[in-house]
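The next block holds one structure in the form of C-alpha cells; read it before the comments.
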Amino acid sequence: MAATDFEAAFTALRQLLQICPQRLAVQKDTPEEFSVGGRVPSPFPQHKGNPMWFGAVRTGKTAVSFHLMPLYMSPPLMAMLSPELKKRLQGKTCFGFRNAPDAALLEELRKLTEAAVAQWSEKNWL
C-alpha cells in the first residue's frame, strides 16, 4: 500500500475553497474540515433563508475529500472533468485524495471551482 499524506492533501485542497472570499463565507474551519457557503440567503425554501452550502474539504479515515456542490446541479461543470479527475470522483460531488494532488489536478480543480463560483454568482446564489 502506498504511503499517504492526508495533511498535505487537506492543505492543498483547502486553499482552493479560499479563492473567492468576497463570495464564499467560511462555515467551518477545523483541522479535519473546512467548509464554505454563500454570503446571501438561498432562494430555495428548503434552505429556510440560510446561505447555500458550496463545498468542503474533509479528512476521513481513508482519504481527504473535496466536495463541490455546484457539480450536482450543473452538467456543464461535469463536462469540464478530465478522465484523470473523473477517476477520483466518489458519488456526484466528491473527489477523494490520499495525497496532495499533483499540479495538473490542482489547476483543474482550481478552474472548476472558479467556474462554479462564477456560475452560482450569476444566479445570485452566493
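The values are calculated or read from the model by the stated rules, or taken from the named source; none is laboratory data. A quick note: this is a predicted structure, and the numbers were derived from the prediction, not measured. In this analysis, Cβ positions are derived from the backbone assuming ideal geometry, glycine residues included, and neighbour counts consider all displayed protein chains.
Residues in the stretch 14-44 that are of a type in the set (S, T, N, Q), under 18 Å from Leu109 (Cβ atoms) and part of a loop (DSSP other than H, G, I, E, B): 1 in all.
Is it fair to say Ala9 is buried (at least 18 other Cβ atoms within 10 Å of the Cβ) and either in contact (Cβ under 8 Å) with a residue 60 or more places away in the chain or of a type in the set (Lys, Arg) (or both)? Yes, satisfied.
Note on the stretch 16-49: residues that are surrounded by 14 or more Cβ atoms within 10 Å (Cβ to Cβ) and more than 24 Å from Glu122 (Cβ to Cβ) amount to 2. The single condition among (1) within 15 Å of Ala12 (Cα to Cα); (2) surrounded by fewer than 16 Cβ atoms within 10 Å (Cβ to Cβ) that Ala118 does not meet is (1). When each of Val57, Val64 is tested for being within 21 Å of Thr4 (Cβ to Cβ), at pLDDT 90 or above and within 11 Å of the chain's Cα centre (by Cα), the lone residue that passes is Val57.
Out of the stretch 58-104, which residues are among the hydrophobic types (A, V, I, L, M, F, W, C) and crowded, with 18+ Cβ neighbours inside 10 Å?
At the first step, the residues of the stretch 58-104 found to be among the hydrophobic types (A, V, I, L, M, F, W, C) are 63-64, 66, 68-69, 71, 73, 77-81, 85, 89, 94-95, 97, 100, 103-104.
Across the stretch 58-104, the qualifying residues are Ala63, Val64, Phe66, Leu68, Met69, Leu71, Leu77, Cys94, Phe95, Phe97, Ala100.
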